[in-house]
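Asks: Take a look at this one; I'll ask things after.
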Amino acid sequence: MPGEKEINCNLFDKLDMLERIERVAKATNADAVLEEIEFERKQVERKLYQQPPLISNEK
């Protein structure tokens, strides 16, 4: 099972990808794509910044 650090890295990679797609969508005035990007960004951020963290420090 991946650790919290690896999961967070994957989520940050997803945010990077969304930013690149958003740049193209803005340049082409693709409003439907921009709406979907915003939805996906909220989903990723919810996972990334959730409280408590994905994995407890207790062992």
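Asks: Taking the stretch 1-31 as the search range and keeping residues that are in contact with a helix residue (DSSP H, G or I) (Cβ under 9 Å, 6 or more places away or on another chain) and open to solvent by 50 Å² or more (accessible area, probe 1.4 Å), which one is modelled with the lowest pLDDT?
Replies: Pro2
Asks: Would you confirm, using the coordinates I've provided, whether Arg46 is modelled with pLDDT of 95 or more, of a type in the set (D, E, K, R) and either in contact with a Leu (Cβ under 7 Å, 6 or more places away or on another chain) or on the phi < 0 side of the Ramachandran plot (or both)?
Replies: no
Asks: Quick one: would you say Asn57 is among the polar types (S, T, N, Q), modelled with pLDDT under 95 and surrounded by 10 or more Cβ atoms within 10 Å (Cβ to Cβ)?
Replies: For Asn57, the condition - among the polar types (S, T, N, Q), modelled with pLDDT under 95 and surrounded by 10 or more Cβ atoms within 10 Å (Cβ to Cβ) - is not met.
Asks: Could you give every pair whose Cβ atoms fall below 7 Å, whose first residue belongs to the stretch 27-53 and is touching a residue at least 24 places away in the same chain (Cβ under 8 Å), and whose second residue is assigned to a helix (DSSP H, G or I) and open to solvent by 80 Å² or more (accessible area, probe 1.4 Å), counting only separations of at least 6 or pairs across chains?
Replies: Short answer, once both residue conditions are applied: Val44/Lys14.
The values are calculated or read from the model by the stated rules, or taken from the named source; none is laboratory data. Please read these numbers as outputs of a predicted model, since none were measured by experiment. For neighbour counting, all protein chains shown are included, and Cβ atoms are generated from backbone atoms with ideal geometry for every residue, glycine included. Ligands, DNA and RNA are stripped out before the accessible areas are found, and what is left, the full protein with its side chains, is counted by its heavy atoms. Shrake-Rupley method; radii C 1.70, N 1.55, O 1.52, S 1.80 Å.
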